[in-house]
Amino acid sequence: MINSKLLFLCITGLVFLSRSPCSGKVMMEYIGATGVPVTFDAVPIEEGIDFNFILGFAIDADPQGNPQNGVFSPYWISSLTPDSVAAIKESHPNVKVLASLGGWSIRNTVLHWYSPDDPEEWISNAFTSLQSLATTYHLDGIDIDYENFPKHNSTFAYCIGQLITRLKNESVITVASIAPYYKTVNPYIELFNGYGDVIDYVNHQFYTDRVKSPNGYLQAFKLRAGQFDAHKLLPSYEVNGRGIQGDGFFEALGLLEKNEFEVNGVMIFSADASSSNGFYYEKKSQAFLLNSTST
């Protein structure tokens with residue numbers, strides 16, 4: 001049974017758990033990555049959900065894609081201002097806002113994780129720049145979404161793991177997630193194996209696994225649950241995108257529960273696309289979570 005005092009403190013934000021998220025259901029929603037005009041207040045938010053907006057993206061590269069050695073700058077849509085972050089968090093105390101680090105490209109230039117010559121300098125630069133970004137944008141956490149790696153990658157797990165650890169230990173952030181997809185599973189497994197205690201959620205991009213049926217989704221989830229922690233692994237959905245589409249996604253969620261997986265949350269990419277369909281999947285996902293049999 002959940003301690004009622006701890007639950008109250010968790011909900012009201014008076015207790016911050018650096019090693020695990022608050023008890024309950026979580027909704028993670030990428031926003032601002034595609035250039036489509038979108039605002040926080042347009043997205044439906046249920047009070048009973050730990051709702052995490054993920055800003056796409058903060059990038060340690062200049063507009064031409066040249067590496068900046070850990071110095072991150074915001075590249076999300078300009079309508080998502082610091083004032084708008086403060087406003088949505090004030091109107092919805094259950095909202096958190098994260099910055100996603102990396103992404104696929106910037107101005108059609110594909111981004112890559114590069115191995116810094118001095119990992120400690122990269123970590124220091126990243127900490128300082130993200131601390132500033134967190135203060136400016138009232139951020140609660142970061143999401144890791146590097147999607148391209150060199151053949152001989154030896155620094156990613158250490159640099160990112162140490163960065164998350166320091167940001168949490170110095171109370172800059174309270175939540176961290178990672179976003180692997182099928183081609184980047186190995187670097188993220190290395191990261192998770194070494195630093196899983198400071199990683200709260202695994203936003204695996206299941207839509208890249210190219211499964212089209214609920215049973216196929218179940219099999220993909222079983223695979224990723226064995227590679228990461230099933231309790232931290234969130235089912236994900238891409239609006240108007242790849243993988244399973246439509247209400248088949250919710251059939252898949254039900255199938256996960258029938259197979260004794262706890263559906264603790266959902267990740268959606270993205271609010272940008274959902275703005276054209278009335279946020280159908282956000283509404284239905286939150287309804288599913290609030291009525292879920294998982295505890």
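Some points to look at:
- The number of residues in the range 264-295 being on the phi < 0 side of the Ramachandran plot, surrounded by fewer than 21 Cβ atoms within 10 Å (Cβ to Cβ) and not in a helix (DSSP H, G or I) comes to 8.
- Any hit, the range 1-23, residues being at pLDDT 90 or above, surrounded by 18 or more Cβ atoms within 10 Å (Cβ to Cβ) and out of contact with any Lys or Arg (no Cβ under 9 Å at 6 or more places or on another chain): no
- Count of the range 189-205 residues, restricted to those that are assigned to a loop (DSSP other than H, G, I, E, B) and either closer than 21 Å to Gly24 by Cα or without any contact (Cβ under 8 Å) to a residue 40 or more places away in the chain (or both), is 4.
- So Ala42, is it farther than 20 Å from Tyr281 by Cα and either of a type in the set (Asp, Glu) or at pLDDT 95 or above (or both): no
To keep it simple, each residue is scored yes or no on (1) under 14 Å from Arg210 (Cα atoms); (2) in contact with a Leu (Cβ under 9 Å, 6 or more places away or on another chain); (3) open to solvent by less than 30 Å² (accessible area, probe 1.4 Å); (4) touching a residue at least 24 places away in the same chain (Cβ under 8 Å).
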position	(1), (2), (3), (4)
Gly226	no, no, no, no
Leu234	no, no, yes, yes
Glu251	no, no, no, yes
Leu256	no, yes, yes, yes
Phe261	no, yes, no, yes
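- Qualifying residue in the range 74-82 (condition: modelled with pLDDT under 95, assigned to a loop (DSSP other than H, G, I, E, B), in contact with a strand residue (DSSP E or B) (Cβ under 6 Å, 6 or more places away or on another chain) and surrounded by 15 or more Cβ atoms within 10 Å (Cβ to Cβ)): no
- The single condition among (1) closer than 15 Å to Phe51 by Cα; (2) over 18 Å from the mean Cα position of the chain (by Cα) that Gly216 does not satisfy is (1).
The values are calculated or read from the model by the stated rules, or taken from the named source; none is laboratory data. Please read these numbers as outputs of a predicted model, since none were measured by experiment. As a convention, Cβ positions derive from the backbone with ideal geometry for all residues, glycine included, and neighbour counts pool all protein chains shown. Surface accessibility is based on the protein's heavy atoms, side chains included, excluding ligands, DNA and RNA. Shrake-Rupley method; radii C 1.70, N 1.55, O 1.52, S 1.80 Å.
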